[in-house]
Amino acid sequence: MERYFKRKFSSTTSSSDNVGSLDSTDVGISRDEDISRDVGISKKSELQDLMNNLPADLGLRPQMLDYYLNIRDKVQRAYLQKGPCQPKNHTFPQIDLSGYDRRFNVKWFDEFDWLEYSISKDVAFCFYCYLFKSNFKIGHGCSDAFTEMGFRNWKKKERLRNHIGGVGSVHNQSRQYCIDLMNQKQHIQTVLGKQSDQARIDYRICLTASLDCVRFLLKQGLPFRGHDESDTSNNRGNYLELLQFLVDHDEKVKAVVLENALGNLKLIAPTIQKDLVNACATKTIKKIIKDMDGAFFSLLVDKSHDVSIKEHMAVVFRYVDKSGM
């Protein structure tokens, strides 16, 4: 289980008091390279055991920074599911404060839902700040009073209210972190997963629209490019004009094509058009070869040049398919 805690280095030779200060033979705790060691079922079992045996009393808990970053959110989620440690039936001991006997007031649990009480240390802590104090830099409104040392001045109830602070205080930000972590829709893995799925759907729609244009132009033997393909042109060429036609008549296509497409996913560049044509040519050739099934065929090849003195070769391929066509 200790593999999930960071090693703490001490200036003295003895380090037995530190949670993670074990020999280098202990798996996954002493050095970073040990963390990446594959321990299979044993590692999963130890992690589950750790989650099931998290100390309820904050006075006995390791600090969040003592857990490795890759399991910290799991520990935070486990504590949030359990809730703050509030032993309402405990008999709170009295202490002498300025000549008066004072003790923790159990009614504070109802007034401050974030408040925790440590039976072992007889001090109060902040549940939210304990979980997410590690997200803030020391000295930026981040105090140890409610996370490590604990609050014990029972006659100063106003300090509990002062701890909450303003809208942007560490306490309120920590509270929001707790809400976001428990909200699956806000969880980073869920958000990234949804974004990835939607990106794939959008790309498929864009690619299908582009392929429809390519297949139509190839079937009709029409040119793709236009003389002026700028945004201000009245005729941008067959490919772009046909794509614009699909945009004007299909809302799903309109949402992800041309001006609504990502800058690097418009699929309108000449090189992309050639790639799509080559893909269609490869698919057509494979279809013809499968359709021929070893039948006889004839091949007629001719060439000519256009006004730019560029030679073009035309290929006529004739065969009888399985249906006698």
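Taken as a whole, the range 237-245 holds at least one residue that is in a helix (DSSP H, G or I) and either under 30 Å from MET325 (Cα atoms) or in contact with an Asp or Glu (Cβ under 7 Å, 6 or more places away or on another chain) (or both). You will find that of GLU116, GLU111, the residue that is acidic (Asp, Glu), within 22 Å of ILE71 (Cβ to Cβ) and modelled with pLDDT of 85 or more is GLU116 and no other. Among the residues of the range 277-305, those identified as over 24 Å from PHE216 (Cα atoms) and among the small types (Gly, Ala, Ser) are GLY294, ALA295, SER298, SER304. With respect to SER210, is the statement that it is in contact with a Phe, Trp or Tyr (Cβ under 6 Å, 6 or more places away or on another chain), surrounded by 13 or more Cβ atoms within 10 Å (Cβ to Cβ), of a type in the set (S, T, N, Q) and modelled with pLDDT of 80 or more true? The answer is no for SER210.
Contact annotation: residue pairs with Cβ atoms under 7 Å, 6 or more positions apart or on different chains, pairing a residue in the range 289-318 that is acidic (Asp, Glu) with a partner that is surrounded by 10 or more Cβ atoms within 10 Å (Cβ to Cβ), are ASP291/ASP321; ASP291/LYS322; ASP293/LYS322.
Taken together, the residues in the range 291-319 that are surrounded by 10 or more Cβ atoms within 10 Å (Cβ to Cβ) and either part of a helix (DSSP H, G or I) or at pLDDT below 85 (or both) amount to 3.
Looking at the range 66-163, the helices (runs of 4 or more DSSP H) lying wholly inside it that each contain 2 or more residues that are open to solvent by 80 Å² or more (accessible area, probe 1.4 Å) sit at 69-82, 108-111.
The values are calculated or read from the model by the stated rules, or taken from the named source; none is laboratory data. Since the structure is predicted, the reported quantities are computational estimates derived from the model, not experimental observations. Cβ coordinates were reconstructed from backbone atoms using ideal geometry, including for glycine residues, and neighbour counts include every protein chain displayed. Protein only, heavy atoms only, side chains kept; ligands, DNA and RNA dropped before computing areas. Shrake-Rupley method; radii C 1.70, N 1.55, O 1.52, S 1.80 Å.
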